[in-house]
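The structure under discussion appears below in the form of structure tokens.
The values are calculated or read from the model by the stated rules, or taken from the named source; none is laboratory data. Remember, it's a predicted structure, so these values are computed and weren't measured experimentally. Cβ sites come from the backbone with ideal geometry, for glycine too, and all protein chains shown count toward neighbours. Accessible surface is based on the protein model in full, side chains and every heavy atom, while ligands, DNA and RNA are left aside. Shrake-Rupley method; radii C 1.70, N 1.55, O 1.52, S 1.80 Å.
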Amino acid sequence: EVVPYLKETFEYKNIHEIPKIEKIQINRGLGVNAQNNKVLQKSIDEIRQITGQQPVVTIATKSIAGFKVREEMPLGITTTLRREKMYTFLDRFINLTLPRIRDFQGLDPNKFDKNGNYNLGITDQLIFPEIDYEQVDQMLGLNITIVTSAKNSKEGLALLNKIGIPFSK
């Protein structure tokens, strides 16, 4: 139902022009907290529970004295979801996670970049049903990027809207 709607709305001549979701990138920057091995391990476990996939620890490529960062110091964690896991995560995110956000009015439709990718930041990890309230020591947010093959933000908005992501008016 999404493909015919997009083909009709944007008048694509070839079905390969129709935008689709390519991947979902989930990041959590820990900064100085990443040196604490317990906080790092807890974050890895949380992202693993949320996504069902082992995250990669991102490390600093060079030292920056102003930020007290040294080379090869862990800074955060990231994971990329594709294909089946991506659609499973998106389904759980739309139907289970978003309704649990307090005072949820819909996602901001202005968070698209010029290439039609959508970025959203989540301030607290407790909205995910997989995370147990007793296991959380501190509130840590995460960034979710939905990468699409859309050429601009209008096409990306139409694609994600038709998939079922609730956007505010």
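Checked across the range 59-77, the condition of being closer than 30 Å to TYR12 by Cα, without any contact (Cβ under 8 Å) to a residue 24 or more places away in the chain and assigned to a loop (DSSP other than H, G, I, E, B) holds for no residue.
Rundown of residues vs (1) within 23 Å of TYR118 (Cα to Cα); (2) in a helix (DSSP H, G or I); (3) open to solvent by 40 Å² or more (accessible area, probe 1.4 Å); (4) in contact with a Gly (Cβ under 6 Å, 6 or more places away or on another chain), yes/no style:
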| residue | (1), (2), (3), (4) |
| --- | --- |
| LEU6 | yes, yes, no, no |
| TYR12 | yes, no, no, no |
| ARG28 | yes, no, no, yes |
| VAL39 | no, yes, no, no |
| ARG48 | yes, yes, yes, no |
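A single entry from GLU130, GLU84, GLU134 fulfils the requirement of being more than 12 Å from the chain's Cα centre (by Cα), acidic (Asp, Glu) and modelled with pLDDT of 85 or more: GLU84.
Going by what's in this entry, would LEU140 be described as in contact with a Ser or Thr (Cβ under 9 Å, 6 or more places away or on another chain) and either open to solvent by 20 Å² or more (accessible area, probe 1.4 Å) or farther than 25 Å from THR9 by Cα (or both)? Judged against the criteria, LEU140 is a match. Scanning the range 143-169 for residues that are open to solvent by less than 20 Å² (accessible area, probe 1.4 Å), at pLDDT 85 or above and more than 12 Å from GLY116 (Cα to Cα) yields a single hit, ILE144.
State all residues of the range 59-79 that are in contact with a strand residue (DSSP E or B) (Cβ under 9 Å, 6 or more places away or on another chain) and open to solvent by 100 Å² or more (accessible area, probe 1.4 Å); if no residue qualifies, say none. Quick ask: steps written out before the conclusion?
Of the residues in the range 59-79, the ones in contact with a strand residue (DSSP E or B) (Cβ under 9 Å, 6 or more places away or on another chain) are 59-60, 62-63, 69-79.
Correct list: LYS62, ARG70, GLU71, GLU72.
For the range 109-121, check the following and say yes or no: at least one residue is outside any strand (DSSP E or B), free of Cβ contacts under 8 Å to residues at least 40 places away in the same chain, in contact with a Pro (Cβ under 9 Å, 6 or more places away or on another chain) and open to solvent by less than 80 Å² (accessible area, probe 1.4 Å). Checking the range 109-121: not a single residue is outside any strand (DSSP E or B), free of Cβ contacts under 8 Å to residues at least 40 places away in the same chain, in contact with a Pro (Cβ under 9 Å, 6 or more places away or on another chain) and open to solvent by less than 80 Å² (accessible area, probe 1.4 Å).
Can you spot a residue in the range 80-91 that is in a strand (DSSP E or B) and either free of Cβ contacts under 8 Å to residues at least 12 places away in the same chain or more than 16 Å from GLU22 (Cα to Cα) (or both)? Spell out the reasoning first.
Kept after step one, since they are in a strand (DSSP E or B), are these residues of the range 80-91: 80-81.
Subsequent filtering for residues that are either free of Cβ contacts under 8 Å to residues at least 12 places away in the same chain or more than 16 Å from GLU22 (Cα to Cα) (or both) retains none.
No, because not a single residue in the range 80-91 is in a strand (DSSP E or B) and either free of Cβ contacts under 8 Å to residues at least 12 places away in the same chain or more than 16 Å from GLU22 (Cα to Cα) (or both).
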